[in-house]
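Read-outs throughout are calculated quantities, based only on the coordinates presented, and are distinct from any laboratory measurement. Source: prediction; values computed, not measured. Every residue, glycine among them, receives a Cβ derived from its backbone with ideal geometry; neighbour counts consider all protein chains shown.
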């Protein structure tokens, strides 16, 4: 198994749960059947792992961008700009898959590393005399590190925006990754079919 490989919990006939509770709305057997043409080159654990990290792209970029904007432009500009970036990435990362970028997310998506960097940012704010910004900085970290951003900051916009795709976000990402590998190996994935059941675009 590769760098991105993660363990997952299979619920036969229903779904798969991976890291962070990310849900894929097909079980292990269905995914093995669907991705069978490429599984001699990449494991299902790898595909799911890459999907897990790629799903973290919007929140990871928002988490690492915000402190710099907060320091340079202030709270209002930082909040509005970072949320706009987040929304753009929510659509963008469902449309394409860029594996080299996922290596960056693999590193920056570590909340322990982000916490250490946010402590450094807090020190910088203290040194620059902007102590009041530390509360905003801490709240932003908690929202994105704990995952409250989708519930508090952007609800209900994300489900509306992602309705343009035929699959729910996690499944859309997983399919994009599988299709990316298929094209890499000269396979046409457009005729692949999911066995037994269709996946509705519902959460």
Between the Cα axis of helix 44-54 and the main Cα principal axis of the chain, the angle (0 to 90°, nearest 10) is 30
Computed over the chain: longest principal axis from alpha-carbon atoms vs helix 75-95 long axis, angle to nearest 10 degrees, is 10
In degrees rounded to 10, the 0-90 angle between helix 99-108 Cα long axis and the longest Cα principal axis of the chain is 50
Under the 7 Å Cα-to-Cβ spin-label approximation, residue 130 and residue 33 lie apart by a distance in nanometres of 5.5
In the list [x] 16.1, 43; [y] 18.6, 61; [z] 17.0, 50, the entry giving Rg and Dmax of the Cα atoms in Å computed from the coordinates is [y]
Relative contact order of the chain (C-alpha contacts under 8 Å, at least 6 apart) in percent is 26
For residue 81 and residue 164, extending 7 Å from Cα along the Cα-Cβ vector and measuring point to point gives, in nm, a value of 2.4
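Starting from 0.36 nm per residue, how many nanometres of slack lie between residue 14 and residue 72 once their C-alpha separation is accounted for? Intermediate values should be presented prior to the final figure.
Details: separation 58, 0.36 × 58 = 20.88 nm, distance 4.78 nm.
Working it through step by step, the gained length comes to 16.1 nm.
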